[in-house]
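The structure under discussion appears below in the form of structure tokens.
The numbers here are math on the coordinates, done by the rules we state, and not lab data. Here the structure is a predicted model, which is why all the values come from computation and not from measurement. Cβ atoms come from the backbone with ideal geometry, glycine included; neighbour counts cover every protein chain shown.
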Amino acid sequence: MRAIFVMIKCEMGQAYRVARQMADTVEALSEMHSISGQYDLMGKFYLEPDQDIGLFVVETLQTVPGVKDTYTLQTFNAFSGAKG
């Protein structure tokens, strides 16, 4: 599995509804956070290694009613602190 982060800009007043719908219907969603700044939400999604990222974003995320724009970040490596 590989992780991608997608920042989502929503129509005014729709961020919580969009987040709830994605949490309820998008299996690849690991976490959804409301955020400050230019975008309203940031989701962490786990995709299969051969899954097309662009197709996933366009067909699965951008088609959710209330989604206005997306910005996708592809990840390479995950790092965490030392465990004692």
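From the phi of every residue in region 57-64, what ³J(HN,Hα) in whole Hz does the Karplus formula 6.51 cos²θ - 1.76 cosθ + 1.60 yield, where θ is phi - 60° and glycine or proline is x?
My calculation for region 57-64 gives 5, 5, 8, 9, 8, 5, 8, 5 Hz in order.
Using only helices, what value at 222 nm comes out for the chain when you add -39,500 (n - 2.57) per DSSP H run of length 4 or more and divide by the total residues, to the nearest 500 deg cm²/dmol? Numbers along the way, then the final one.
Working: 2 runs with 15 residues, N = 84.
The per-residue figure over the chain is -4500 deg cm²/dmol.
Using a Cα-Cα cut-off of under 17 Å, which aspartates and glutamates could be cross-linked to LYS44, ignoring same-chain neighbours fewer than 8 residues away?
Partners within reach: ASP24, GLU27, GLU31, ASP52, GLU59, ASP69.
When the dipole is taken about the Cα centre of the chain, and only Lys, Arg (+1) and Asp, Glu (-1) are charged at their Cβ, what size is it in debye, to the nearest 20? Walk me through the numbers before you get to the answer.
Numbers: 7 positive and 10 negative charges, 70 e Å.
Once rounded to the nearest 20, the dipole reads 340 debye.
Output the relative contact order of the chain, whole-number percent, from Cα pairs under 8 angstrom with separation of 6+ residues. Before the final figure, lay out the partial values.
On the way: 125 pairs, mean separation 37.0, N = 84.
Relative contact order for the chain comes out at 44 percent.
Report the local net charge at THR75: Lys and Arg +1, Asp and Glu -1, summed over other residues whose C-beta lies under 11 Å from its C-beta. Mind showing how you got there, number by number?
Numbers: positive: ARG2, LYS44; negative: none.
Neighbourhood net charge equals +2.
Pop a pseudo-label 7 angstrom from the Cα along the beta-carbon direction at both ILE53 and PHE76 and give the gap in nm to one decimal.
Placing both labels 7 Å beyond Cα along the Cβ direction yields 1.1 nm.
Nearest 10 degrees, 0 to 90: what angle lies between the long axis of helix 15-25 and the longest principal axis of the chain (Cα atoms)?
60
Would you please give the FRET efficiency between ASP69 and THR25, computed as 1/(1 + (r/R0)^6) with r the Cβ-Cβ distance and R0 = 30 Å, to the nearest 0.05? Intermediate results must be reported in sequence, preceding the final value.
Values: r = 20 Å, r/R0 = 0.66.
FRET efficiency, ASP69 to THR25: 0.95.
Based only on Cα atoms, what Rg/Rh ratio does the chain have, Rh being taken as Kirkwood's radius?
Here the Rg-to-Rh quotient is 1.00.
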